[in-house]
Amino acid sequence: ETGVTQTPRHLVMGMTNKKSLKCEQHLGHNAMYWYKQSAKKPLELMFVYNFKEQTENNSVPSRFSPECPNSSHLFLHLHTLQPEDSALYLCASSQEAAPRVDEQYFGPGTRLTVT
Amino acid sequence: GENVEQHPSTLSVQEGDSAVIKCTYSDSASNYFPWYKQELGKRPQLIIDIRSNVGEKKDQRIAVTLNKTAKHFSLHITETQPEDSAVYFCAAITSGSARQLTFGSGTQLTVLP
């Protein structure tokens, strides 16, 4: 598959569970991003990785833990989430990050429901 | 940090009419302004972008204008079609070493046949 893929597409988890979201980009890009999309709110940037190094963590609670083992893969590890964490989690990649920002290519997202 | 405001939140137009969505930004150092379209249940996709060294850019029925002095930019869609119905997001790049995109809250555009 080409572009940016995400698995799973849907996830329901209890507040005590531990799960991981996976993102893979097949575009040869250097930067990868995690966004949270909640209803009627702007896309919220959570984490940025540039050449596998985390460059930004936008005050995200520690119950979200990112991992970038290589420039093609990005994970978001989840544990002890809250119901308000239910949202669509989007992964994106771009050819370059800071200081130049180019078009970001988004994955299809993971619809997360925390019960 | 950057703050991007987008208006209106919802917009309905008749097929064939034009649609305009406006965004303002706060950081005068911002220099990259993309627009994304997100159809229902699908991922956001870039439809047009503009950098601060130009005032207008067109791509067929879509155009974006930028007023750096007033710190606002707009998306113009002419001859709207039902397939233009989607949520549109504007964004601006933050200044500083991180240079991240800050998104507006989105506009739900509905084109009525």
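The values are calculated or read from the model by the stated rules, or taken from the named source; none is laboratory data. All of these numbers come straight from a predicted model, not from anything done at the bench. Cβ placement follows ideal geometry from the backbone for every residue including glycine, while neighbour counts extend to all protein chains displayed. Quick note on the areas: whole protein, heavy atoms, side chains included, nothing else; ligands and nucleic acids left out. Shrake-Rupley method; radii C 1.70, N 1.55, O 1.52, S 1.80 Å.
What's the magnitude of the charge dipole for the stretch B:1-64 around its Cα centre, counting Lys and Arg as +1 and Asp and Glu as -1 at the beta-carbon? Answer in Debye, nearest 20.
On the way: 8 positive and 9 negative charges, 40 e Å.
In debye, rounded to 20, the stretch B:1-64 gives about 200.
Counting C-alpha atoms alone, how compact is the protein assembly as shown: give Rg to one decimal and Dmax as a whole number, in angstrom.
Spelled out, the Cα radius of gyration and Dmax of the protein assembly as shown are 17.6, 52 Å.
What chymotrypsin sites (Phe, Trp or Tyr not before Pro) in the stretch A:1-46 are in a loop by DSSP, with at most 13 other Cβ atoms within 10 Å of the Cβ? Walk me through the numbers on the way to the answer.
Details: sites: A:33, A:34, A:35; in loops: none.
Taking the stretch A:1-46 and a limit of 13 other Cβ atoms within 10 Å, no loop chymotrypsin sites (Phe, Trp or Tyr not before Pro) are found.
Name the longest site-free stretch of chain A, where the excluded sites are trypsin sites (Lys or Arg not before Pro) in a DSSP loop with no more than 16 other beta-carbon atoms within 10 Å.
Details: sites that count: A:9, A:40, A:52, A:63, A:100.
Result for the longest clean stretch: A:64-99.
Counting protein heavy atoms only and a 1.4 angstrom probe, how many square angstrom of accessible surface do chains A and B bury in total, to the nearest 100? Don't skip to the answer; put the middle values down first.
Numbers: alone 6250 and 6340 Å², together 10890 Å².
Adding both sides of the contact gives about 1700 Å².
What is the Å³ per residue value for the convex hull set by the Cα atoms of the stretch B:1-75?
Numbers: hull volume 8.5 nm³, N = 75.
Residue-normalised Cα hull volume stands at 113 Å³.
Can you divide the C-alpha Rg of chain A by 2.2 N^0.38 Å and report the result to two decimal places?
On the way: Rg = 13.3 Å, N = 115, 2.2 N^0.38 = 13.4 Å.
The reported ratio for this selection is 1.00.
Check each of the chymotrypsin sites (Phe, Trp or Tyr not before Pro) in the stretch A:41-115 and keep only those in coil by DSSP with at most 15 other C-beta atoms within 10 angstrom; list them in order. List each step's numbers first, then the result.
Values: sites: A:47, A:49, A:51, A:64, A:75, A:89, A:105, A:106; in loops: A:51.
Passing both the DSSP loop test and the Cβ count: A:51.
Straight-line reach only, C-alpha to C-alpha below 20 angstrom: list the aspartates and glutamates that residue A:19 could link to, leaving out same-chain residues fewer than 8 apart.
Filter leaves A:67, A:84, A:85.
Accessible area of the stretch A:1-108 with a 1.4 Å probe: how many percent of it is carbon plus sulfur? Intermediate values should be presented prior to the final figure.
Numbers: 2520 of 5150 Å².
C and S atoms contribute 49 percent here.
Pairs A:41/B:58; A:41/B:71; A:22/B:68; A:36/B:22; A:18/B:37; A:18/B:22: which exceed 30 Å Cα-Cα?
Values: A:41/B:58 28 Å; A:41/B:71 22 Å; A:22/B:68 39 Å; A:36/B:22 23 Å; A:18/B:37 33 Å; A:18/B:22 41 Å.
The answer is A:22/B:68; A:18/B:37; A:18/B:22.
Do you know which residues of the stretch A:41-56 lose at least 50 square angstrom of accessible area in the protein assembly compared with their chain on its own, with a 1.4 angstrom probe?
Listed by number, the residues meeting the 50 Å² cut-off are A:42, A:43.
Could you size up the charge dipole of chain A around its Cα centre, putting +1 on the beta carbon of Lys and Arg and -1 on that of Asp and Glu, and report it in debye to the nearest 20?
420
Using a 1.4 Å probe over the heavy atoms of the protein chains, calculate the carbon and sulfur portion of the accessible area of chain B as a whole percent. Before the final figure, lay out each step's value.
Details: 2520 of 5470 Å².
C and S atoms contribute 46 percent here.
At 1.4 Å probe radius, can you tell me the per residue accessible area of the stretch B:44-110 in Å²? Could the numbers behind the result be given before it?
Values: 2970 Å² over 67 residues.
Value for the stretch B:44-110: 44 Å² per residue.
Counting Lys and Arg as +1 and Asp and Glu as -1, each charge on the Cβ, what is the dipole of the stretch B:16-107 about the Cα centre in debye, to the nearest 20? Please list the in-between numbers first.
Values: 11 positive and 9 negative charges, 71 e Å.
Using Cβ point charges on Lys, Arg, Asp and Glu, the stretch B:16-107 gives about 340 debye.
Given the options A:94, A:38, A:59, which has the most mean-square fluctuation in a GNM of chain A, springs set between C-alpha atoms less than 10 angstrom apart?
The residue with the greatest mean-square fluctuation here is A:59.
Report the one residue of B:94, B:54, B:105 whose Cα lies farthest in the direction of the positive end of the charge dipole of chain B (charges on C-beta: Lys and Arg +1, Asp and Glu -1; origin at the Cα centre).
Comparing the listed Cα positions along the dipole, B:94 ranks first.
Counting pairs of alpha carbon atoms under 8 Å apart in space and at least six apart in sequence, what relative contact order in percent does chain A give?
Values: 294 pairs, mean separation 41.7, N = 115.
In percent, rounded to a whole number, it is 36.
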